1. Scan the helices (runs of 4 or more DSSP H) fully inside region 32-135 and keep the ones with 3 or more residues being surrounded by 18 or more Cβ atoms within 10 Å (Cβ to Cβ) and at positive phi.
2. Looking at region 190-217, which of the residues that are over 15 Å from A449 (Cα atoms) and surrounded by fewer than 24 Cβ atoms within 10 Å (Cβ to Cβ) is nearest to the chain's Cα centre (by Cα)?
3. Give me a count of the residues in region 315-348 that are farther than 28 Å from R300 by Cα and either polar (S, T, N, Q) or surrounded by fewer than 20 Cβ atoms within 10 Å (Cβ to Cβ) (or both).
4. On the basis of being more than 28 Å from I196 (Cα to Cα) and away from the ligand (no atom under 16 Å from the Cβ), does N291 make the cut?
5. If a residue has to be surrounded by fewer than 16 Cβ atoms within 10 Å (Cβ to Cβ) and among the β-branched types (V, I, T) to count, how many in region 452-491 make the cut?
6. Name the residue, out of L109, L54, L113, L98, that is within 16 Å of the ligand (Cβ to nearest atom) and more than 19 Å from the chain's Cα centre (by Cα).
7. Could you tell me which of the residues A403, A374, A381, A397 is assigned to a loop (DSSP other than H, G, I, E, B) and touching an Asp or Glu at 6+ places or on another chain (Cβ under 8 Å)?
8. Quick check on R162: is it away from the ligand (no atom under 16 Å from the Cβ) and either assigned to a strand (DSSP E or B) or modelled with pLDDT of 95 or more (or both)?
Amino acid sequence: MSADVRSFFGRPIIIGGGIAGLMTALHLAPEPVLLLSRTLLGADTSSTWAQGGLAASLGDDDDPALHLADTIAAGDGLCDKDMASRILQDASSAIEGLAGFGVPFDRTLKGSLRLGLEAAHNRRRIVHAHGDGTGREIMRALIAAVRSTPSIVVVEGVEARRLAVRENAIRGVWASCSIGPVFFGSRRVVLATGGIGGLFLDTTNPSGSCGQGLALAARAGAVFSDLEFIQFHPTALDGPDRPMTLISEAVRGEGAALIDETGQPFLQGVPGAELAPRDVLARAVWNHLANGHRVFLDARQRPGPEFPRLFPTIVSACHGIGINPLRDLIPIRPAQHYHMGGVAVDGCGRTSVKGLWACGEVASTGLHGANRLASNSLTEAVVCARWVAESVAGTPARRTKPAFAGNYPSPDPVPVRPFLSRALGIVRDGEGLKAAAHALLPLAESKEAASDPAAVGLMIVVSALRRRESRGAHYRTDFPDHAAVARRSEITLEAAFAEARELAQSPVLEGVT
Ligand code: SIN
């Protein structure tokens, strides 16, 4: 490969082959771009696994202002209102754009888009494709479009390991592929690498989604925001498989109820009950489990006979562990699902490093605040991909020099999973966070394969320690209330290292192992 690589120098490089990366590449056409994907396109990406759809105010009873109000209410005081308003205004046209690429959205008998309901939405506004196969169908259409676009060169089986940066400006990407390390020179790089579920023991994300985009940006010196906000989905299938299968919120939207092993509902006193915002419901389920109960979804009456048609993926996962949702209760527990925080970006997706953009889950636009409203993230990825592409296209290409290929180990998240799962779960406290910082610091400073996952974990832990309040998905038993003023957070890897080193000296940590 190395002989050919220089012919690509100067092209924008997109790292990541999920919906955000593919849409950015398509919007950039006919400008030649290079899209680097760790796996074959469509494999091992959260986009393909997405069951829930895209939220947009498409109904006759709806408009972007109502969608914005629900987004802001779920975000618990931390959404960037202007950004959220811009993104949600563009939601309907993003869906039209996807339909234009051939995504077979579900429709009513009259031909209009079928609109589903999910938690904390006051209107039906979620579009799906093939029921719970939404992500798979979108990916199928976008991959076909990308494969037939001559300006997009897709390089599969390539893992980006470091960004080359000089004077806070991007110079290229060091990557690794089957024949060894390789350097791609470019002054324009887009991160579209997805989330961090692979850093946790219980997650609905593919294990390969282990925050590598955050690590690339961190080592390049980028600024991050709201990293402490990690969303736990209340209803993952409580079976033997890891990662866990999601039981979409749309199942509750169609009327399924949460009950415990006594057969009784247990959400009395939770405003919104089954359709409460995710942070609230995940905590309620967690507390019930912590009190020694088991928790189940009862879908036997509603959606009942409609279940297989609306949720074929979930039905097949249930059958895989001997459960028939038409007859049996579905055992569930919360699992890590989405990261609200990420690389801080402006309205064009630009990060604090010149020539570096971020799009999709890896980015923090401010749309989600402290708790994402269901199905807003695919919408965000599709809308923002266009803005990112416009910004990249408007940034002049400049030649870059070749560089020696650096050799960095493939990230191994396994050693960090127990620490992050313990300290950064649904319920947190200062002592647990400090213990995690203490354990992660030496790993993050090492040259071991766990170094990048540990560095990402450390930034999240330090952000969670700094936030001495409870808000949205960040709940601390030692600071259970809202602070008087809601503030978005910022951090860099350098600052996280400095704070963790200081903590390591502090007497509080004596005896922590
Ligand atoms: C779901 O279908 O419950 C997940 C949708 C989402 O994460 O937005």
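1. Numbers: elements: 46-49, 64-74, 81-89, 91-100.
Answer list for region 32-135: none.
2. First pass over region 190-217, keeping only residues over 15 Å from A449 (Cα atoms): 190-197, 200-207, 209, 213-214, 217.
Next cut, surrounded by fewer than 24 Cβ atoms within 10 Å (Cβ to Cβ) only: 201-202, 206-207.
Details: L201: 16, D202: 15, P206: 11, S207: 13 Å.
The extreme case among them is P206.
3. 3
4. Values: more than 28 Å from I196 (Cα to Cα): yes; away from the ligand (no atom under 16 Å from the Cβ): yes.
When the stated conditions are applied, N291 passes them.
5. Adding up the residues that qualify gives 2.
6. On the way: L109 fails: within 16 Å of the ligand (Cβ to nearest atom); L54 fails: more than 19 Å from the chain's Cα centre (by Cα); L113 fails: within 16 Å of the ligand (Cβ to nearest atom).
Step by step, each of L109, L54, L113, L98 is checked, and only L98 is within 16 Å of the ligand (Cβ to nearest atom) and more than 19 Å from the chain's Cα centre (by Cα).
7. On the way: A403 fails: touching an Asp or Glu at 6+ places or on another chain (Cβ under 8 Å); A381 fails: assigned to a loop (DSSP other than H, G, I, E, B); A397 fails: touching an Asp or Glu at 6+ places or on another chain (Cβ under 8 Å).
Among A403, A374, A381, A397, only A374 is assigned to a loop (DSSP other than H, G, I, E, B) and touching an Asp or Glu at 6+ places or on another chain (Cβ under 8 Å).
8. Details: away from the ligand (no atom under 16 Å from the Cβ): yes; either assigned to a strand (DSSP E or B) or modelled with pLDDT of 95 or more (or both): yes.
Yes; evaluated as a whole, the condition is true for this residue.
The values are calculated or read from the model by the stated rules, or taken from the named source; none is laboratory data. All figures in this text were calculated on a predicted structure; none of them were measured in a lab. Neighbour counts run over all protein chains shown; Cβ positions are idealised from the backbone, glycine included.
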